[in-house]
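The values are calculated or read from the model by the stated rules, or taken from the named source; none is laboratory data. Since we're looking at a predicted model, the values are computed, not measured. So basically every Cβ, Gly included, is an ideal-geometry build from the backbone, and we count neighbours across all protein chains shown. For accessibility, only protein heavy atoms count, side chains too; no ligands or nucleic acids. Shrake-Rupley method; radii C 1.70, N 1.55, O 1.52, S 1.80 Å.
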Amino acid sequence: MAERSERGEAQSDSLSEQAAGATLALNPLVGLSGRDLMESASILLKAAVNEPAVFAGQWLSFVGELGSIGAGRSDRTQAPGDKRFADGTWKSSAPHRGLLQAYLAWGDAINRFIEKTSLGEVDKARAHLVANIIIDAASPTNNPFSNPTAVRQFLDTGGDSLLRGVKNYLSDLAENGGMPAQVDKSPFKVGVNIAATPGAVVFRNELLEIIQYKPDTPEVRKRPLVITPPQINKFYSLDLSPDKSLVQYLLKSGIQVFCVSWRNPTVREREWGLDTYVAALDEGTDAVREIAGADDVTMMGACSGGITSAAYAGWLASKGEAKIKNIVSPVCVLDIASANDSAFGSLVTPETMRAAQQASRLRGVLDGQDLARMFAWMRPNDLIWNYWVNNYLLGKQPPAFDILFWNADTTSLPARLHHDYVDMFFTNPFVSPNNLTLNGASIDMGRVRLDAYVVAGVTDHITPWKSVYRTAKIYGDETTFVLSNSGHLQSLLNPPTNAKASFVAGVAKAPDGERFLAAGEKRSGSWWPHWRDWLFERSGAEVPAPSSLGSNRHPATSAAPGTYVFD
C-alpha cells in the first residue's frame, strides 16, 4: 500500500510539473478558434487525396513494419521522456509491446507522409501540428482497455476506480466545458492561503487597483518596485504559496513592492484598448510615486504585462517624462514578429488573426476560458490526455497545486485590447518606430533610456528564449539578460530553495541569443539573488520603512489582495 501511495504521489507531482510548464499566457494563439485547426486538418486530407502515390507508399511501408512487429523483430520504442508509457507492462507484455510499436509506427508514417508531400513549409507545419494532435489522441494509453495501469486500478479497486472516473467525467461535463479538470481547487482560497501577503489597496481607478505590500524590514530602499501583471490571468502569480512568493522574497530583501491588479472586463468595457490601460497605469504610477515619496519607480512586467510596461515606457519617453528609472521584463517578447518562432507560429496568418479580431469584436470580449481550451489542444498530452487518464481512467482527483489554481483563474480581454495586441503581429511596433500611437504620442523604443533586466526560460515554448533575447536587445546592449534553466512560469517562480535551478547571466552585447549562450558562464542556483543585487544598486538609499500603508492623499482601503481579484 505504501508503494502504491508513493507511486500515486509521484504521478501527481509529474502531472503538476508538466502542466506548470504549459501555463496559459498571451501568445500567438490569442483568439484562434477550432475552425483554424479544422482548416489545418483539411490541408492534411487534401494532400492525401491529391498525392495518392505518396500516401500509398507510406501506407505500404507501415504495413510492412506491422509484419516485423507481429514477428517480434521490431526494436522500435517510445522517445526518451515520454511518460505515457512508463508502466513496465509496455515492455514486459508482448501484446502491449506490439500495440505500442504499431502505434509509434503509425504516427511516424503520418509524419513521413507529410514531409514527402509537395506542401509548402507553412502548410507542412500546420499539417504536422494537427496530425500530432490526432496521433496523441489515438494513444493506447487513453483507452481504458489498453492502458495497463487503468486495468490494474480497476481490478485492485473492484471497479470503484471506474465509478469515480464516471463521476469525475460528469462533473467536468457540467462544470468545466467537458474538459478534464487540471486542478483540485478545494484547498485554495484567495487571500487566505494563496495571494495572502499582508498589504492594502492604496489606489483604485476603473481599470486597476494598486496594492501596497506591508514592509518586512525596518528599512527599505527608496525607489519602489511596481509589478504590472498580464491581463489574461489574475495578478497573484508572483504571490502564491509563501515558499515560492517572489513578493515575499522582495519584501524580506527590503524592497518596497506595489502590484497592479487588473479589473476583469465585461462586455460593457469592450472599448478598453492599450491606450486605456497605459493611461490607467500612469495614474497608478503617480499614486505609487506620491506614496513612496520617490521621483520614479522600477517597473516589472512579465509576458503581456511586459508589453504593457514597454508601451508605457515608450509613451513616457515620447512625452519626455521620467517616471520609470529601471524596467524588468521576464518572459516577454517585444519583437512580436518573432513570436512566430514558437510552436504555434504556423497557425498565425493574416486570415486567422483578422478572424480572431472579428470574433472578439462581435462578442465584446475574448473569454479567458475559451483561450485556455484552445491552448490546451495545442499541448494535449500535458493539458488534456494526462488528466483524461488520471481523472477518468484511474478515477483519481487532479492535483491540488497552487500554480494550476492560478492558471485556471482566467480573465477576459476587452475586444479593443485584443484587437490592439493582434495588430502588433502586423505592425511590430517595438521594433518599427512610430507604428503605435497611444493617447496622441507615437512609440519609438529608441527613445527609451532605462536600465533593463530581462529573463528568459530555456525550455519556454510560449515566449521562446531567443525571442526574449531580442527584447533585451531592444532595451540596449547594456541590458542584463538572464537565461534560466526552466520554462515560462517556472522562470519566475524560481526561489533560492530550488536545488535544480541554474542560469546564465550577462549583458546583451552579443548579436543573438546563441552567441550570448556560447559566451556565457552557467551559474548554479536561482537568479533571484542576482536580481536582488541588481535592484539594490538601482533602488536608492535605505530609508525607514513606512509605519502605515498609503498616504493622506491615497489612503489604504481594502486589504490585500483587493477587490478586483474576485471579479
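Residues of the range 491-538: accessible area per residue at 1.4 Å, in Å²?
Solvent-accessible surface per residue comes out at 52 Å².
Need one number: nm distance between label points at Asn205 and Thr459, each 7 Å from Cα along Cα→Cβ, rounded to one decimal.
Spacing of the two 7 Å Cα→Cβ label points: 4.1 nm.
Checking the a/c ratio against 1.5 first, then a/b against b/c, what shape does the Cα gyration tensor give for the range 140-193?
The shape class here is prolate.
For the pairs Lys83/Lys466; Lys214/Lys325; Lys244/Lys509; Lys124/Lys500; Lys325/Lys473, note any where the Cα-Cα span goes beyond 26 Å.
Exceeds cut-off: Lys83/Lys466; Lys244/Lys509; Lys124/Lys500.
In terms of solvent-accessible area of protein heavy atoms at a 1.4 angstrom probe, what is the ranking of Glu478, Glu290, highest value first?
Output order, biggest surface exposure first: Glu478, Glu290.
What is the diffusion coefficient of the range 322-480 in µm²/s, taking the Kirkwood radius over Cα pairs and the Stokes-Einstein relation at 4 °C with a viscosity of 1.567 mPa s?
Calculated translational D: 72 µm²/s.
Mind giving me the nanometre distance, one decimal, between the label points for Asp533 and Thr497, set 7 Å out from Cα along Cα→Cβ?
Output for this residue pair reads 2.3 nm.
At a Förster radius of 25 Å, what calculated FRET efficiency corresponds to the Cβ-Cβ distance of Arg515 and Lys116, to the nearest 0.05? Could you put the intermediate results ahead of the total?
Numbers: r = 35 Å, r/R0 = 1.41.
My answer for the efficiency is 0.10.
Sequence neighbours fewer than 8 away in the same chain don't count; with that in mind, list the aspartates and glutamates whose C-alpha is under 17 Å from Lys189.
Of all the aspartates and glutamates, those that pass the test against Lys189 - Cα under 17 Å, at least 8 places apart if same chain - are Asp239, Asp243, Asp402, Asp409, Asp567.
Which value in deg cm²/dmol, rounded to the nearest 500, describes the helix-derived mean residue ellipticity at 222 nm for the chain, given -39,500 (n - 2.57) per DSSP H run of n ≥ 4 and division by the residue count? Don't jump to the answer; show the numbers that get you there.
Numbers: 18 runs with 240 residues, N = 567.
Value at 222 nm, helices only, nearest 500: -13500 deg cm²/dmol.
Which whole-Hz couplings ³J(HN,Hα) result when phi for each residue of the range 194-200 is put into the Karplus expression 6.51 cos²θ - 1.76 cosθ + 1.60, θ = phi - 60°, listed in order with x for Gly and Pro?
Result, ordered by residue: 8, 6, 10, 5, x, x, 7 Hz.
Which percent, nearest 5, of DSSP beta bridges in the range 180-301 are antiparallel?
Around 55 percent antiparallel, to the nearest 5.
Pull up all non-local amide H partners of Gly199: gap of 5 or more, or a different chain, and H-to-H distance under 5 Å with H placed in the peptide plane.
Sorted by chain and number, the residues that satisfy this are Lys214, Ala560.
Can you tell me the accessible area per residue over the range 229-342, all protein chains present, probe 1.4 angstrom, in square angstrom?
That works out to 25 Å² for each residue.
Counting Lys and Arg as +1 and Asp and Glu as -1, what is the net charge of the other residues whose Cβ lies under 10 Å from the Cβ of Leu436? Can you show the working numbers first?
Values: positive: none; negative: Asp275, Asp420, Asp423, Asp444.
After counting each charged neighbour, the total is -4.
In Å², what does the accessible area per residue of the range 68-166 work out to with a 1.4 Å probe?
Result: 52 Å² per residue.
Using the Karplus curve 6.51 cos²θ - 1.76 cosθ + 1.60 with θ = phi - 60°, what ³J(HN,Hα) values do you get for each residue of the range 181-189, in whole Hz, with x for Gly and Pro?
Going residue by residue, I get 5, 9, 8, 8, 7, 4, x, 10, 9 Hz, with x marking Gly and Pro.
Can you list the residues, at least 5 places off or on another chain, whose amide H is less than 5 Å from the amide H of Ile194, using H built in the peptide plane?
Under 5 Å from the amide H of Ile194 lie the amide H atoms of Lys189, each far enough along the sequence or on another chain.
Report D for the chain in µm² per second (integer): Stokes-Einstein, Kirkwood Rh on Cα pairs, 10 °C, 1.306 mPa s.
63
Using the Karplus curve 6.51 cos²θ - 1.76 cosθ + 1.60 with θ = phi - 60°, what ³J(HN,Hα) values do you get for each residue of the range 532-543, in whole Hz, with x for Gly and Pro?
For the range 532-543, the Karplus-derived couplings read 4, 5, 4, 5, 3, 5, 10, 10, x, 6, 6, 9 Hz, x marking Gly and Pro.
Between Met299 and residues 5 or more places away or on another chain, which pairs have amide H atoms under 5 Å apart, with H built 1.01 Å from N, and which residues are they?
Those lying under 5 Å, H to H, from Met299 are Val226, Lys325, Asn326, Ile327, Val328.
With a 1.4 Å probe and all protein chains left in place, how much of the accessible area of the range 444-560 comes from carbon and sulfur atoms, in whole percent? All intermediate terms of the calculation are to be shown ahead of the outcome.
Values: 2690 of 5390 Å².
Here carbon and sulfur together make up 50 percent of the probe-accessible area.
For Ala510, what charge total do you get from the other residues with a beta carbon under 11 Å from its beta carbon, if Lys and Arg give +1 and Asp and Glu give -1?
Here the count lands on 0.
Which net charge results when you count Lys and Arg as +1 and Asp and Glu as -1 among the other residues whose beta-carbon is under 13 Å from that of Val422?
Summing Lys and Arg as +1 and Asp and Glu as -1 gives 0.
Just check the range 144-280 against the gyration tensor rule for me: Cα atoms, a ≥ b ≥ c as the square roots of the eigenvalues, rounded for a/c under 1.5, and otherwise prolate or oblate depending on whether a/b exceeds b/c.
Because a/c hits 1.5 or more and a/b fails to exceed b/c, the range 144-280 counts as oblate.
Say each of Thr77 and Lys189 gets a label point 7 Å from the Cα, pointing the same way as Cα to Cβ; how far apart are those two points in nm?
5.0
If you count the DSSP beta bridges with both ends in the chain, what percent of them are antiparallel, to the nearest 5? Intermediate results must be reported in sequence, preceding the final value.
On the way: 28 of 50 bridges.
The antiparallel proportion sits near 55 percent.
Quick check on the range 216-306: take the gyration tensor over C-alpha atoms, sort the square-rooted eigenvalues as a ≥ b ≥ c, and tell me if it's rounded (a/c under 1.5), prolate or oblate.
oblate
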